[in-house]
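Notes to accompany the following structure.
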Amino acid sequence: MATSTYLSNPALTINSVNLTDQCTSATLTAVTQAQTSSAFGSTDNFFVAGTTMNTFEVTLYDSFAATETYATLAALVGTQTTVTISPTAAGLATPSATAPKFTLTNCYLESLPLIDATFGSLSEITISFKGGTLTTATS
């Protein structure tokens, strides 16, 4: 049985700013919400595809330097933006079947933790973008 090993080292941009060097975790989830299609008399639940509710959750070091985490995200709270992510840095520039580029357009950033500090630790924040249109480029 063939196996493969995937060592995670994705690259990402938020609002066209590359924040890969500040990122410690990223999860992009494609969701199509289930809508019940069961009718009176049914004894089972049946579902059909409803609307999408894609999510992108990312953990970043909390940097206040120009063009880094805070400077990029502060103005995005309460707005729609675009995020891109690829399993590799090369996939952002040149997507392929083995390094696809996922783009979530018009996704909404509801909140931004300003400081999440613990003595003796690097400060990190976790933010979530929701909604938007998800596309995948493989060439």
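A few comments on the model shown:
- Residues of segment 61-79 that turn out to be loosely packed, with under 14 Cβ neighbours inside 10 Å and out of contact with any Leu (no Cβ under 7 Å at 6 or more places or on another chain), as a count: 7
- Glu57 surrounded by 10 or more Cβ atoms within 10 Å (Cβ to Cβ), of a type in the set (Asp, Glu) and within 18 Å of Lys130 (Cβ to Cβ): yes
- Candidates Leu92, Leu112, Leu60 - the one that is outside any strand (DSSP E or B), at pLDDT 95 or above and either farther than 19 Å from Ile125 by Cα or touching a helix residue (DSSP H, G or I) at 6+ places or on another chain (Cβ under 7 Å) (or both): Leu112
- Cys107 meets each of the listed conditions (1) surrounded by fewer than 12 Cβ atoms within 10 Å (Cβ to Cβ); (2) closer than 16 Å to Ser16 by Cα apart from (1).
- Residues of segment 63-87 satisfying the condition of being part of a strand (DSSP E or B) and either touching a residue at least 60 places away in the same chain (Cβ under 8 Å) or within 22 Å of Val31 (Cα to Cα) (or both): Thr79, Gln80, Thr81, Thr82, Val83, Thr84, Ile85, Ser86
- Residues of segment 19-45 that are surrounded by 11 or more Cβ atoms within 10 Å (Cβ to Cβ) and either among the aromatic types (Phe, Trp, Tyr) or touching a residue at least 40 places away in the same chain (Cβ under 8 Å) (or both): Leu19, Thr20, Gln22, Thr24, Ser25, Ala26, Leu28, Ala30.
- Thr138 at pLDDT 95 or above, touching a helix residue (DSSP H, G or I) at 6+ places or on another chain (Cβ under 8 Å) and closer than 25 Å to Asn9 by Cβ: no
- Total residues in segment 80-104 satisfying the condition of being over 18 Å from Phe56 (Cα atoms), surrounded by 12 or more Cβ atoms within 10 Å (Cβ to Cβ) and of a type in the set (S, T, N, Q): the figure is 2.
- Qualifying residue in segment 32-51 (condition: closer than 16 Å to Thr135 by Cα, at pLDDT 95 or above and of a type in the set (S, T, N, Q)): no
- Filter result for Ala74 (among the small types (Gly, Ala, Ser) and within 18 Å of the chain's Cα centre (by Cα)): yes
- Selected residue [over 13 Å from the mean Cα position of the chain (by Cα) and on the phi > 0 side of the Ramachandran plot] from Ser16, Ser38: Ser16
- Counting residues in segment 96-106 that are closer than 22 Å to Pro10 by Cβ, modelled with pLDDT of 95 or more and β-branched (Val, Ile, Thr) gives one or more.
The values are calculated or read from the model by the stated rules, or taken from the named source; none is laboratory data. If you're wondering where the values come from, they're calculated on a predicted model, not measured in any experiment. Note that we place each Cβ from the backbone using ideal geometry, even for glycine, and neighbour counts take in every protein chain shown.
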